[in-house]
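Below: the structure, in structure tokens.
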Amino acid sequence: MAQQLQTTMLGREYTLDLSATLTGYWLVFLRLLVGWWFLHEGLNKYATPGSFRAGWFLEKTGTIVSPVLNAFAGGATEAAVNLVVPIGELLIGLGLILGALTRTAAVFGAFMMVFFYFGGEHWRRGLVNGDLLGLVLFVTIVVFGAGRVWGIDSYLERTDTVRARPWLRYLLG
């Protein structure tokens, strides 16, 4: 039995036919997998205090995003990054696992992956690596509105609040 997934991308409405036994389940699997990955990374940073220090990453030179990262190196800004990254990973992971504010969580996850990809030295050995694949997964979740399949977003989008304010759908799904 095929389902239809309705999503809005760049101001245009799209309807995708989904096979409930394949596409919908695959989107849920991707969302849960990426959600667990980020939740796990965030929890690990709290489980082993002091194991995460953003300075090694922020102080790198010679990468495309070095000027931006270097601006956050040292002092209070580095301390803020040390706090924000694990919290961000936890919230992104929870959002994806629950399917709540899925698109928003995935956009922030993609934003983080851009910095991990371009800020790391390993991309010099090859363009395709785990950070790039993580970015692709987050973008896939955004494009397909994966929270609309077995997620809290599917219920939220049917509320009068969201129906009265269609722009909220960009945050959900």
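In segment 81-100, which residues are surrounded by fewer than 24 Cβ atoms within 10 Å (Cβ to Cβ) and of a type in the set (A, V, I, L, M, F, W, C)?
Passing the criteria: VAL81, LEU83, VAL84, VAL85, ILE87, LEU90, LEU91, LEU94, ILE97, LEU98, ALA100.
What helices (runs of 4 or more DSSP H), lying completely within segment 107-173, carry at least 3 residues that are touching a strand residue (DSSP E or B) at 6+ places or on another chain (Cβ under 9 Å)?
The qualifying helices (runs of 4 or more DSSP H) are 130-144.
Considering only segment 117-147, how many residues are open to solvent by 30 Å² or more (accessible area, probe 1.4 Å) and within 18 Å of GLN4 (Cβ to Cβ)?
2
Restricting to segment 37-56, what's the tally of residues that are among the aromatic types (Phe, Trp, Tyr) and closer than 16 Å to MET113 by Cβ?
The number of residues fulfilling the criteria is 2.
So, of the residues in segment 4-23 that are at pLDDT below 65 and of a type outside the set (Ser, Thr, Tyr), which turns out to be least open to solvent (accessible area, probe 1.4 Å)?
LEU18
Scan segment 148-173 for residues that are farther than 30 Å from PHE116 by Cα and surrounded by fewer than 13 Cβ atoms within 10 Å (Cβ to Cβ) and jot them down.
Here is the first cut: in segment 148-173, the ones farther than 30 Å from PHE116 by Cα are 154-166.
Result: ARG158, THR159, ASP160, THR161, ARG163, ALA164, ARG165, PRO166.
Report whether or not LYS60 is more than 22 Å from VAL136 (Cα to Cα), open to solvent by less than 50 Å² (accessible area, probe 1.4 Å) and either outside any helix (DSSP H, G or I) or modelled with pLDDT under 70 (or both).
Yes; evaluated as a whole, the condition is true for this residue.
With the structure loaded, tell me whether GLU78 is of a type in the set (Asp, Glu) and within 20 Å of the chain's Cα centre (by Cα) or whether it fails that test.
No.
The values are calculated or read from the model by the stated rules, or taken from the named source; none is laboratory data. What you see is a predicted model, and the numbers here were worked out from it, not measured in a lab. FYI the Cβ positions are ideal-geometry reconstructions off the backbone, even for glycines, and counts take in every protein chain you see. The protein model used for the area step is the full one, side chains on, heavy atoms only, and it has no ligands, DNA or RNA in it. Shrake-Rupley method; radii C 1.70, N 1.55, O 1.52, S 1.80 Å.
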